[in-house]
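Peer 1: Here's a structure for you.
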Amino acid sequence: MTAPLALEQAALPSDAIEIGRISDAWGVKGWFKVLPYSSDAGALLGAKRWYLQPTERGARSFEGTVVLDLRQTREHSGAVVAWAQGIDDRNAAEALRGSRIFVPRSGFPKAGDGEYYWVDLIGLAVQNREGVALGTVRELLTTGPQTVLVLDGEVVEGKLMERMIPFVAAFVDEVDLAGRRILVDWQPDY
């Protein structure tokens, strides 16, 4: 069993978003490998501090929320690797395995025109051009060439109906983040 890490306790920022997990140690000098939740690791790479919480399952090397001050982060072979203050050997890096990584939403890089963070789309109401409510975005899926909106729709015979709409310009007319809605060219019977 690994001794508990001496990490600084911190309060989770009110706008914190979970953006990845630490998957394993990387090398012998305290670097660790990160599994980002997005194909664009900009929020991970741009942050100077990460807030960690232990995983619900498995070994815990710390309790509550702790903060990691990052020395370096970089992309390596399609993944992200990082090195933080106080994590100076492989054992310390292994002790972080499974930790959930949070960063403040205010620290995310600005999205370009027509680009959206998935976290901003979750919870938006979706309606078609005729004004028919199709559901609320529950999650997004990557299906290879495109992303798909997964909507929670109406309840039919006691079962919540799910609807999937490709998140592509051919079907998405408008994303109104301020109005909390997405307008689509999609019919309820598709």
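Peer 1: Quick check on residue 77: is it at pLDDT below 90 and under 30 Å from residue 139 (Cα atoms)?
Peer 2: yes
Peer 1: OK, next. So if I check each of 116, 51, which one is crowded, with 16+ Cβ neighbours inside 10 Å, at pLDDT 95 or above and of a type in the set (Phe, Trp, Tyr)?
Peer 2: So the residue among 116, 51 that is crowded, with 16+ Cβ neighbours inside 10 Å, at pLDDT 95 or above and of a type in the set (Phe, Trp, Tyr) is 51.
Peer 1: Quick check on this structure: which one of 126, 184, 172 is farther than 30 Å from residue 63 by Cβ, modelled with pLDDT of 95 or more, touching a Gly at 6+ places or on another chain (Cβ under 6 Å) and not basic (Lys, Arg)?
Peer 2: Of the residues listed, the single one that is farther than 30 Å from residue 63 by Cβ, modelled with pLDDT of 95 or more, touching a Gly at 6+ places or on another chain (Cβ under 6 Å) and not basic (Lys, Arg) is 126.
Peer 1: Are there any helices (runs of 4 or more DSSP H) wholly within segment 31-134 with 1 or more residues that are basic (Lys, Arg), and if so which?
Peer 2: Helices (runs of 4 or more DSSP H) meeting the threshold: 90-95.
Peer 1: Assuming residue 123 fulfils every condition listed in (1) touching a Lys or Arg at 6+ places or on another chain (Cβ under 8 Å); (2) surrounded by 12 or more Cβ atoms within 10 Å (Cβ to Cβ) apart from one, which condition is it?
Peer 2: Of everything listed in (1) touching a Lys or Arg at 6+ places or on another chain (Cβ under 8 Å); (2) surrounded by 12 or more Cβ atoms within 10 Å (Cβ to Cβ), residue 123 misses just condition (2).
Table: residues versus (1) of a type in the set (Val, Ile, Thr); (2) more than 21 Å from residue 114 (Cβ to Cβ); (3) without any contact (Cβ under 8 Å) to a residue 40 or more places away in the chain.
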| residue | (1), (2), (3) |
| --- | --- |
| 132 | yes, yes, no |
| 147 | yes, no, yes |
| 158 | no, yes, yes |
| 165 | yes, no, yes |
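Peer 1: Given the options 41, 47, name the one that is closer than 28 Å to residue 139 by Cα and in contact (Cβ under 8 Å) with a residue 60 or more places away in the chain.
Peer 2: After ruling out the rest, the residue left standing is 47.
Peer 1: To continue, here is another question. Hey, does segment 2-20 have a residue that's modelled with pLDDT of 95 or more and of a type outside the set (A, V, I, L, M)?
Peer 2: Scanning segment 2-20, I find no residue that is modelled with pLDDT of 95 or more and of a type outside the set (A, V, I, L, M), so the answer is no.
Peer 1: Taking residue 142, is it exposed (fewer than 15 other Cβ atoms within 10 Å of the Cβ), within 21 Å of residue 37 (Cα to Cα) and hydroxyl-bearing (Ser, Thr, Tyr)?
Peer 2: Criteria met by residue 142.
The values are calculated or read from the model by the stated rules, or taken from the named source; none is laboratory data. Please read all numbers here as calculations on a predicted model, not as lab measurements. All Cβ positions, glycine included, derive from the backbone under ideal geometry; neighbour counts span all protein chains shown.
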